[in-house]
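Okay, structure first, notes after.
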Amino acid sequence: MNDTPALVVDSVSHSFGALGVLEGVSLAVPRGSITAVLGPSGGGKTTLLRAVAGFETPSEGTVRIAGDVVVHDGRSLVPPERRGVTIVPQEGALFPHLSVFDNIAFGLKKRRGSDAEKRVRHLLDVIELGDLADARPSSLSGGMQQRVALARALAPSPALVLLDEPFTALDATLRQTVRDEVVATLRREGETALWVTHDQQEALSVADQVAVLLDGRLVQVADPVTLYREPATKQVAQFVGDAVVLRGTVDHDGVHALCDTGRVTLSRPAVAGPTDIVIRPEQIEISANSVDPNSPSCDGVVCSTRFFGHDGIVDVRLASGFVVSVRVHATLLPAVGECVDVRVNGPVLAFA
Amino acid sequence: MNVGRRVRVPAPLALPAVAAAVIALIPAFYLATQAFARGAGNVWDEIFQSRTWDLIVRSTWLTAVVTAASIVVGTVGAWVTTRVALPGRAVLLVLFALPLAIPSYLSAFAWISWQPGLEGFWGAVIVLTCACYPYVMLPVAAALRGLDSTQEDVARSLGRTQRQVMWGLVLPQVRPSITAGGLLVALYVLSDFGAVAAMRYETFTWVIYGAYRAGFNPSRAAILSLVLVAAALILVTLESRARGRAGAVRIGSGVGRNRRNTASPRAVVGAVVASLSIIGVGLGVPVVSVISWLGRETQRSVPWADVRGAILDSFLIGLLTAIATILVALPVGIAASRYRSRFSSAVERSTYVTHALPGIVIAISVVYAGIRLLRPWYQKLPLLVLGQLLIFLPLAVAAIRNSIEQSSARIEEAAKSLGAGTMATIRRVTVPLALPGIGAAAALTMLNAMKELPTTLLLRPTGWETLATSIWKYSTVSDYSAVGPYALTLMIVTAVPTAIVTSLTVLRVSRPSSAGRQG
């Protein structure tokens, strides 16, 4: 019984008028796990989330929550309030007329009595806002509001918590801290979560499983490491991290290829012939070479550098004329115009 | 993103909303029935008469002159209160807005008692302009305040003079607000009964009242009403379009910050002269007149029991009207804001139909409906409350709808995802959040109902006298010393809340950044 996934989305399609926003999306979210739905804005993420929550009825496909069918072929069988799915919206959407305590207690079957009191107190402790039970939402900072929104969503012990880009309204430094706290809370409480985001770093760092949604289609569903190392398509490779794309040719052995940086090893066998080679910037290593930049033995010439403090990006013009961006330790930033040796570490990806 | 979404209004909301729509359509239905009672030929005969044409010309002329005057006075008032470095501009704006609180019949009688020679066209123009210019001033002042002042700085830095900036940049941007306000003024003038009746200037509303009182030709009253409604409908349509554009201008512009106000001596002197004239004509004359009426009260003692009775009657009618109006408007407002569909917008539009019906027309049609349909209520309190409700329903629906839309629909979705059903969400989240707006709508309805004249005059139960009808009763026979106590009470009762509401609005509008939406 406990093997039943908390959420199963099966071949779900949806459109607004003529505009298709979801096409044949299938996804399973195992109990107690965090699944991130990663995609650019306008890619259909929010529609998928609203379809699961029940605020949108997809025109095709089935949605099961804890084994129960809630949507089937364009008909909503269970209204939002009876799905056992709670949401943490973008801006928190706390009830401004209720105290923090009453906000968290809102979804409980019995909002009065010692059980409710205990549950709310527990969650207040979990989000470390025990002192602010009587505060009004308007007196809280943005980060605190989001923590209350999470506690409110967790209070009724839902089958699934939906997080809709929960931290976009926060500034960058706060975002990191609140995100860590929220993930820790979800883990500690053993919750199942579907987390929608356009931030690949967020998706890769919080999730057990990442589903990449591009133009309404789920292109790949995988754990973060696999997704980053072995993206299914070139687009996914470019979307989940920085990527250098070079033209190249796969050797007849199918495991090596020749490109502007020289001979590289492929992470998985490919068909011989012309191909796109995708290299992560951190795989490329450069080292100073004192030869004359114009000599044929020079791999590349530094054409610009950007300094970020802890590291930097160096743009190197290869002998072929192609410019690659390389991430280097800040202490190793070469000067513009210098000649550098270019080396590629580890296997790279080829997409024909 | 509403395209293709199927929204069903839940039954517990849909049924009362439909009931509200049906109630709102009663006057239009009975008006049409009555007008065509003697056949369509009779309708044409009544319309194509030189008497009717005279009426159309006189009403149009009055409407045009008052609208033009209100636009000038209102725009000047808005400029003075937003752009000139005068001390206490917020207080000035409230003082400028106060004539809104003085019923037009009362200020008309005030002018006549002071200058009997004003009776007629120009008297009506003065009184109606004073009553109406705030409809232009308030939106234009808001638009002026909402303009991004950096735009003007940019234009100056690009070589435009202050004057060029004013005419070429500022005015075009506030023009939609001027248009919307002007149309509102036109609608008010067309529907006004009190001022033209007091000034004895024959326009539609007064002639309709006369035809009704004469009694021998009820279908003439209905037919003239139809013509008036047709004109009002055109204005309502234009007004709602203009309002949409005015809104768009303000949404697009940023928040005005660090605005420098004109402090040039010429502008300040001009502003002071303009302010004194506006306050003197709009507020000074009515207030001084009413106080002088009280001073005449020497020979007789004030009939305090009658005054107390009128206050109580006004209060009770206002309270009942407010409660009834909010109860009827609430389901419509919720359906229109949260369950948008063809059904809900049809229901909402039906309640707006009465917006195009002048008070006197609604009163007459409710009389007909009462005689035919609600006989037991005829000349009883419920029928008067129904008539008042019909007048104020559109305002209440719009206010409730706006206040609900102030809060994000996401908050209600959060409530539903937490297990609250449709009605529970409305009860626990939607209504509590909109409560300030609903309360304001109720208060405004109550105030307006207390000073409302034509419907009260026609539908009040036998033996009831409100402040408004008492003022009417004594003023029409020029017994101003008897009017004094009633007039002063009505002024105090309506002016104080209006001042409070306006100053709250002014404060909120002038600090839009602090009133940002709840996170």
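The values are calculated or read from the model by the stated rules, or taken from the named source; none is laboratory data. It should be emphasised that the depicted structure is a prediction, and the values quoted were computed from it without experimental measurement. Using ideal geometry, Cβ is built from the backbone for each residue, glycine included, and neighbour counts are taken over all protein chains shown.
For this structure, a couple of remarks:
- Among the residues here, A:VAL245 does not qualify as exposed (fewer than 14 other Cβ atoms within 10 Å of the Cβ) and among the aliphatic types (A, V, I, L, M).
- Some residue of region A:122-135 being free of Cβ contacts under 8 Å to residues at least 60 places away in the same chain, in a loop (DSSP other than H, G, I, E, B), within 14 Å of chain B (Cβ to nearest Cβ) and touching a helix residue (DSSP H, G or I) at 6+ places or on another chain (Cβ under 9 Å): yes
- Residue ID - farthest from A:GLN200 (Cα to Cα), chosen from residues in region A:153-182 that are among the β-branched types (Val, Ile, Thr) and buried (at least 18 other Cβ atoms within 10 Å of the Cβ): A:VAL161
- Residue within region B:8-19 that is closer than 24 Å to B:ALA232 by Cα and in a helix (DSSP H, G or I) present: no
- Tallying residues that are within 8 Å of chain A (Cβ to nearest Cβ), among the hydrophobic types (A, V, I, L, M, F, W, C) and in contact with a Gly (Cβ under 8 Å, 6 or more places away or on another chain) within region B:416-469 yields 2.
- Evaluated against (1) buried (at least 20 other Cβ atoms within 10 Å of the Cβ); (2) away from chain A (no Cβ under 14 Å), B:GLN379 falls short on exactly one condition, (1).
- Test: B:LEU393 is at the interface with chain A (Cβ under 8 Å from one of its Cβ atoms), touching a residue at least 24 places away in the same chain (Cβ under 8 Å) and not in a loop (DSSP other than H, G, I, E, B): no
- Of all residues in region A:141-195, those satisfying the criterion of being within 15 Å of A:ASP208 (Cα to Cα) and small (Gly, Ala, Ser) are A:ALA184, A:GLY190, A:ALA193.
- Condition check for A:GLY84: surrounded by fewer than 24 Cβ atoms within 10 Å (Cβ to Cβ), within 12 Å of chain B (Cβ to nearest Cβ) and not β-branched (Val, Ile, Thr): yes
- Evaluation of A:SER59 against (1) at pLDDT 90 or above; (2) within 17 Å of A:LEU162 (Cβ to Cβ); (3) surrounded by fewer than 20 Cβ atoms within 10 Å (Cβ to Cβ) (one fails), failing number: (2)
- Candidates A:GLY61, A:GLY24, A:GLY43: the one that is in a loop (DSSP other than H, G, I, E, B) and in contact (Cβ under 8 Å) with a residue 12 or more places away in the chain is A:GLY43.
- Breaking point among (1) at pLDDT below 90; (2) over 17 Å from A:LEU246 (Cα atoms), for A:SER304: (1)
- Residue tally, condition under 24 Å from B:ALA195 (Cα atoms), among the small types (Gly, Ala, Ser) and at pLDDT below 90, over region B:296-325: 0
- The residues listed here are B:ARG340, B:ARG349; of these, the one that is among the charged types (D, E, K, R) and in a helix (DSSP H, G or I) is B:ARG349.
- Inside region A:64-93, residues that are touching a residue at least 60 places away in the same chain (Cβ under 8 Å) and of a type in the set (Val, Ile, Thr) make up a count of 5.
- The one condition from (1) more than 14 Å from chain A (Cβ to nearest Cβ); (2) surrounded by 13 or more Cβ atoms within 10 Å (Cβ to Cβ) that B:VAL7 does not meet is (1).
- Some residue of region B:413-428 being in a loop (DSSP other than H, G, I, E, B) and touching a residue at least 12 places away in the same chain (Cβ under 8 Å): no
- Residue, surrounded by the fewest Cβ atoms within 10 Å (Cβ to Cβ), within region B:399-414, restricted to residues that are within 7 Å of another protein chain (Cβ to nearest Cβ) and over 29 Å from the mean Cα position of the chain (by Cα): B:ARG410
- Per-region count, region A:94-121, residues part of a helix (DSSP H, G or I), without any contact (Cβ under 8 Å) to a residue 24 or more places away in the chain and in contact with a helix residue (DSSP H, G or I) (Cβ under 6 Å, 6 or more places away or on another chain): 1
- Residue in region B:435-458 that is more than 30 Å from A:ASP164 (Cα to Cα), in a helix (DSSP H, G or I), of a type in the set (Lys, Arg) and in contact with a helix residue (DSSP H, G or I) (Cβ under 8 Å, 6 or more places away or on another chain) present: yes
- Condition check for A:PHE101: of a type in the set (Phe, Trp, Tyr), crowded, with 16+ Cβ neighbours inside 10 Å and within 14 Å of chain B (Cβ to nearest Cβ): no
- Out of A:THR275, A:THR265, sole residue that is closer than 30 Å to A:LEU204 by Cα, crowded, with 19+ Cβ neighbours inside 10 Å and of a type in the set (S, T, N, Q): A:THR275
- Taking region A:255-352 as the region of interest, the strands (runs of 3 or more DSSP E) fully inside it that hold 3 or more residues being touching a residue at least 60 places away in the same chain (Cβ under 8 Å), out of contact with any Cys (no Cβ under 8 Å at 6 or more places or on another chain) and closer than 22 Å to A:PHE239 by Cβ are A:273-279, A:323-329, A:349-351.
- All conditions but one from (1) at pLDDT 85 or above; (2) surrounded by fewer than 16 Cβ atoms within 10 Å (Cβ to Cβ); (3) in contact with a Phe, Trp or Tyr (Cβ under 9 Å, 6 or more places away or on another chain) apply to B:SER478; the one that does not is (1).
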